[in-house]
Amino acid sequence: MKPLLNNTKIKSISSSILSKLKYLLLFTTLTLSLNGTSTAEFNKEAYPNFSQMYTNAQTIKKEHNTLGETNSKTEVTPTEAEIASITIGTQIWTASNIALKPRLYNRLGIDYWNNYGVTTPGVKSDEDGFYYTWNAAMNACPSGWHLPSDAEWKVLEGQLGMSVAEQNKTGSRGSNEGKKLKVNGSSGFEAKLAGTRSGSTLMRFIGRGEWVGFWSSTKLGYEAYRRILSKTGNDKDQVYRDKYVETDGNSVRCLKNTPAGAIN
């Protein structure tokens with residue numbers, strides 16, 4: 001039977017396969033070098049045609065590392081010394097509604113909003129703060145601070161005179177604790193009536209100048225506890241407590257961490 005390939009062709013194919021294997025090994029070495037693998041075994045002098053490729057690989061590796069360092073610094077958050085605060089009883093609160101991009105859940109116009117309205121923005125965002133969904137609010141407070149729990153809001157209300165029985169109710173509660181928390185109130189909390197963004201059916205901003213909603217970190221199902229302070233109505237001096245859908249856009253006040261940690 002006549003052989004399918006003669007010796008010359010076999011040698012030619014073998015040489016081609018070996019050449020390709022060498023190149024494959026070279027590319028593998030270059031690829032591994034990008035992941036930090038040692039390139040001590042790689043003799044670029046033995047492969048002059050690929051000397052520039054090796055140099056380029058090292059350049060890409062250096063640029064990759066530099067890019068990673070740069071990206072890690074794009075999020076600028078204030079230090080504790082830069083955060084204005086107010087002490088009420090045993091707690092330290094941010095002195096105003098925060099206006100910070102969340103670490104997670106940070107899609108502008110979906111997870112949080114930096115002004116009131118879309119086509120007609122309201123006053124400057126740093127005056128009334130941003131509006132956050134609950135997930136965004138959980139990631140909005142700077143290092144050393146946290147979104148207060150429902151229990152921690154009760155501590156604040158108790159320090160302003162609200163009884164424990166009233167604290168545990170839902171709806172309008174207390175007597176004049178809400179008045180103390182609003183602008184020109186005696187507590188120094190200075191809550192501005194920033195309004196809210198409805199996340200249920202209306203999907204729009206409502207209530208600026210009429211009320212303000214503050215998230216708590218306490219969530220049950222698809223709803224989370226919050227506090228509402230209002231300008232008008234029979235309960236305008238009280239603090240309203242309810243659970244609301246997590247997609248609603250409410251304001252955020254942060255509470256400074258304590259050595260013992262947050263109250264859950």
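The values are calculated or read from the model by the stated rules, or taken from the named source; none is laboratory data. Everything numeric in this text was worked out from a predicted model, so none of it was measured. As a convention, Cβ positions derive from the backbone with ideal geometry for all residues, glycine included, and neighbour counts pool all protein chains shown.
Can you pull out the residues in the range 152-210 that are over 28 Å from the mean Cα position of the chain (by Cα) and assigned to a helix (DSSP H, G or I)?
G158, Q159, V164, A165, E166, Q167, E177, G178, K179, K180, listed by residue number.
Return the total of residues in the range 82-114 being basic (K, R) and surrounded by 15 or more Cβ atoms within 10 Å (Cβ to Cβ).
Our first condition is that a residue be basic (K, R); within the range 82-114, this holds for 101, 103, 107.
This time we only want the ones that are surrounded by 15 or more Cβ atoms within 10 Å (Cβ to Cβ), so: 101, 103.
Number satisfying all stated conditions: 2.
Might you check whether a residue that is under 30 Å from G109 (Cβ atoms) and touching a Lys or Arg at 6+ places or on another chain (Cβ under 8 Å) occurs anywhere in the range 151-165?
Taking the range 151-165 as the starting set, the residues that turn out to be under 30 Å from G109 (Cβ atoms) are 152-153.
Subset that is touching a Lys or Arg at 6+ places or on another chain (Cβ under 8 Å): 153.
Yes: the range 151-165 contains one or more residues that are under 30 Å from G109 (Cβ atoms) and touching a Lys or Arg at 6+ places or on another chain (Cβ under 8 Å).
Out of F189, F130, I need the residue that is closer than 21 Å to K243 by Cα and either modelled with pLDDT of 95 or more or in the same structural domain as E246 (by TED's automatic domain parsing) (or both). Which one?
Working: F189 fails: closer than 21 Å to K243 by Cα.
Of the residues listed, the single one that is closer than 21 Å to K243 by Cα and either modelled with pLDDT of 95 or more or in the same structural domain as E246 (by TED's automatic domain parsing) (or both) is F130.
Could you check the range 213-226 and list, in sequence order, the residues that are assigned to a strand (DSSP E or B) and either out of contact with any Gly (no Cβ under 7 Å at 6 or more places or on another chain) or of a type in the set (V, I, T) (or both)? Before the answer, list the steps.
Within the range 213-226, the first condition is being assigned to a strand (DSSP E or B), and the residues that meet it are 213-220, 223-226.
Across the range 213-226, the qualifying residues are G213, F214, W215, S216, S217, T218, K219, L220, E223, A224, Y225.
Considering the range 147-178 alone, what residues qualify as being surrounded by fewer than 19 Cβ atoms within 10 Å (Cβ to Cβ) and within 27 Å of W113 (Cα to Cα)?
S149, A151, G171
Can you confirm whether F205 is closer than 26 Å to A136 by Cα, surrounded by fewer than 22 Cβ atoms within 10 Å (Cβ to Cβ), assigned by TED's automatic domain parsing to the domain that holds H146 and of a type outside the set (K, R)?
Working: closer than 26 Å to A136 by Cα: yes; surrounded by fewer than 22 Cβ atoms within 10 Å (Cβ to Cβ): yes; assigned by TED's automatic domain parsing to the domain that holds H146: yes; of a type outside the set (K, R): yes.
For F205, the condition - closer than 26 Å to A136 by Cα, surrounded by fewer than 22 Cβ atoms within 10 Å (Cβ to Cβ), assigned by TED's automatic domain parsing to the domain that holds H146 and of a type outside the set (K, R) - is met.
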